[in-house]
Amino acid sequence: MPFNYPQLKNPQRCSKCASCMNSCPLHAITRIEPFEVDVSKCAKKGECFTCAMACKTGALVLMSGN
Ligand code: SF4
Ligand code: SF4
């Protein structure tokens, strides 16, 4: 099943606000500095956009996984 996961593609834009981490219903983002995501948890959520929508700075980019 396809799924999305976030990458910190634009780290210079990250304000370390933790909105992404706090928005994830599965707690898949485990750290923001350095940014770490448990991709296996995203895989359970399928195509999810929650963290990217919570990031107001454009620091996160959603990637596609399978
Ligand atoms: S894509 Fe969804 S499941 Fe994965 S970190 Fe973002 S909010 Fe959490
Ligand atoms: S929501 Fe965006 S700016 Fe805030 S910690 Fe996450 S990646 Fe950084």
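Every read-out reported here was derived from the displayed coordinates using simple, explicitly stated rules and does not represent laboratory data. Given the structure is predicted, the values throughout are model-derived calculations rather than measurements.
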Q.
Ignoring solvent entirely, what values of log10 I(q)/I(0) come out of the Debye formula for the chain at 0.17 Å⁻¹ when each Cα is a single scatterer?
A. -0.48
**Q.** Theoretical gain in end-to-end length, Asn10 to Phe49 [0.36 nm per residue, Cα-Cα removed]
**A.** 12.3 nm
Q: Tell me which residues come under 5 Å, amide H to amide H, from Met63 once H is placed; ignore anything under 5 positions away on its chain.
A: Tyr5, Gln7
Q. Rounded to the nearest 500 deg cm²/dmol, what is the calculated helix-only ellipticity per residue at 222 nm for the chain, with -39500 (n - 2.57) per DSSP H run of length n ≥ 4?
A. -5500 deg cm²/dmol
Q: List every residue whose amide H lies under 5 Å from the amide H of Val37, counting only residues 5 or more places away in sequence or on a different chain, with H placed 1.01 Å from N in the peptide plane.
A: Thr30
